Amino acid sequence: MKLLVTGSSGLIGSAVVEHFDALGHEVVGIDNNGRADFFGPMGDTRWNQRRLSETCRNFRHVELDLRDRAAVLAAIREIMPTAIVHCAAQPSHDLAASRPFDDFDTNAVATLNLLEAARLTVRDAPFVHMSTNKVYGDAPNEIPLVELPTRWDYARPEDAHGIDESMRIDQSKHSLFGASKVAGDILVQEYGRYFGMNTTCLRGGCLTGPHHSGVELHGFLSYLVKVNLTGGTYTVYGYKGKQVRDNIHSRDVAQFIEAYLRAPRPGEVYNLGGGRANSCSILEAFDIVSQVTGKPMNWTYQDKNREGDHICYISDLAKMRAHYPEWDVRIPLSRIFEEIAGAWAHR
């Protein structure tokens, strides 16, 4: 396999690079360190690019802005990948509101550039798109909830396993980031359904791991652990700090991508997260990180929540497990915290 990975210096992109390189495949990574532009020096991913170049045997980096349509087509024609994993994105709600054109061009236009280049040159290559659960907007907040001492949770037994792929994606508040990701998500589906290409959207929950350049605007667990280790103060935005996310390690994401590439299904969507077992609220995350590092968590509270934010989001993994029974979440939440803490301490 000759795998093309966009956003290859980011959290998921780098995990995919490492995973397939270890399997002996040729991997080409496209990245232009857009995260540093979006989030400043703390978002810089050059360190991760260098790490991949030093540790991977069959990896090469290509510097390319995916918003450049002609350059994308030329790159696909030169590389001729047998599979594509599209991880590059602008991932922040708040930043999208201040830079809407950069957000849309990165999340929607660049995705279209890649899809059309693939259709024209390597249309049989499976195409995996890292989408987001923010395509559902705030519709998940309509599910009845119950307030528990440290978290919000679903009130009805039928919702216990979380949110599945039937959740609507329109008529809700998404944030501009969520809207641009909806556009990319629908395009990826359409190239599968209309053109018959093997495309899939992975609607990620809280994707995390040790190689995340977490910042306040994006990277929940990574940033939280960093704040704890450095003695900083974490700001909680709304919902009493009881908002819940399900967390999945980047290596488990790479494992699912491998399963999909072995048996692709055209135009599919999957909710990709850690499920109930790997879920935690912000308050619960404070307790876990303090147990791991031995440091108290300093935090402040602002009553105003982020626009379009989810109160409780747990991914229902039933469809993924049914279609790919060899796959499952294997890395527990405790180890995720330990690995992130170790990585920040090392850096």
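The values are calculated or read from the model by the stated rules, or taken from the named source; none is laboratory data. Here the structure is a predicted model, which is why all the values come from computation and not from measurement. A quick note on method: Cβ atoms are made from the backbone with ideal geometry, for glycine too, and the neighbour counts reach across all protein chains shown.
Here are the numbers for the structure shown:
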| item | result |
| --- | --- |
| Leading residue by the ranking (surrounded by the fewest Cβ atoms within 10 Å (Cβ to Cβ)) among those in region 96-120 that are polar (S, T, N, Q) and within 24 Å of residue 213 (Cα to Cα) | 98 |
| Selection from region 258-277 of residues that are in a helix (DSSP H, G or I), of a type outside the set (Phe, Trp, Tyr) and closer than 29 Å to residue 126 by Cα | 258, 259, 261, 262 |
| Positions within region 144-166 being within 30 Å of residue 266 (Cβ to Cβ) and crowded, with 20+ Cβ neighbours inside 10 Å, in sequence order | 162, 163 |
| Count of residues meeting criterion [within 21 Å of the chain's Cα centre (by Cα), among the aliphatic types (A, V, I, L, M) and not in a helix (DSSP H, G or I)] in region 72-96 | 5 |
| Filter result (assigned to a loop (DSSP other than H, G, I, E, B) and either surrounded by fewer than 20 Cβ atoms within 10 Å (Cβ to Cβ) or touching a Pro at 6+ places or on another chain (Cβ under 8 Å) (or both)) within region 131-142 | 138 |
| Selection from region 219-239 of residues that are part of a strand (DSSP E or B) and among the aromatic types (Phe, Trp, Tyr) | 234, 237 |
| Output for region 49-71, where each listed residue is of a type in the set (A, V, I, L, M), within 22 Å of the chain's Cα centre (by Cα) and part of a helix (DSSP H, G or I) | 52 |
| Criterion: more than 28 Å from residue 172 (Cβ to Cβ) and touching a residue at least 12 places away in the same chain (Cβ under 8 Å) - qualifying residue of 256, 337 | 337 |
| Search result, residues across region 86-95 that are aliphatic (A, V, I, L, M) and either farther than 20 Å from residue 212 by Cα or surrounded by fewer than 24 Cβ atoms within 10 Å (Cβ to Cβ) (or both) | 95 |
| Of all residues making up region 1-48, the number that are more than 17 Å from residue 62 (Cβ to Cβ), within 16 Å of the chain's Cα centre (by Cα) and at pLDDT 95 or above | 2 |
| Criterion: in a strand (DSSP E or B), without any contact (Cβ under 8 Å) to a residue 60 or more places away in the chain and of a type outside the set (Asp, Glu) - qualifying residue of 146, 128 | 146 |
| Contacts under 6 angstrom Cβ, first residue in region 94-109 being at pLDDT below 95, partner surrounded by fewer than 21 Cβ atoms within 10 Å (Cβ to Cβ), 6 or more apart | 94/217; 95/217 |
| Enumeration of residues in region 308-324 that are hydrophobic (A, V, I, L, M, F, W, C) and either free of Cβ contacts under 8 Å to residues at least 40 places away in the same chain or not in a loop (DSSP other than H, G, I, E, B) (or both) | 312, 318, 320, 322 |
| Pairs, first more than 19 Å from residue 108 (Cβ to Cβ) in region 164-178, second of a type in the set (A, V, I, L, M, F, W, C), C-beta under 8 Å, six or more apart | 164/318; 165/269; 167/139; 168/139; 171/139 |
| Within region 217-252, tally of residues that are within 21 Å of the chain's Cα centre (by Cα), buried (at least 21 other Cβ atoms within 10 Å of the Cβ) and among the charged types (D, E, K, R) | 4 |
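Residue-wise test of (1) among the basic types (Lys, Arg); (2) surrounded by fewer than 19 Cβ atoms within 10 Å (Cβ to Cβ); (3) part of a helix (DSSP H, G or I).
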site: 255; (1), (2), (3): no, no, yes
site: 285; (1), (2), (3): no, no, yes
site: 291; (1), (2), (3): no, yes, yes
site: 306; (1), (2), (3): yes, yes, no
site: 326; (1), (2), (3): no, yes, no
site: 335; (1), (2), (3): yes, yes, yes
site: 338; (1), (2), (3): no, yes, yes
site: 341; (1), (2), (3): no, no, yes
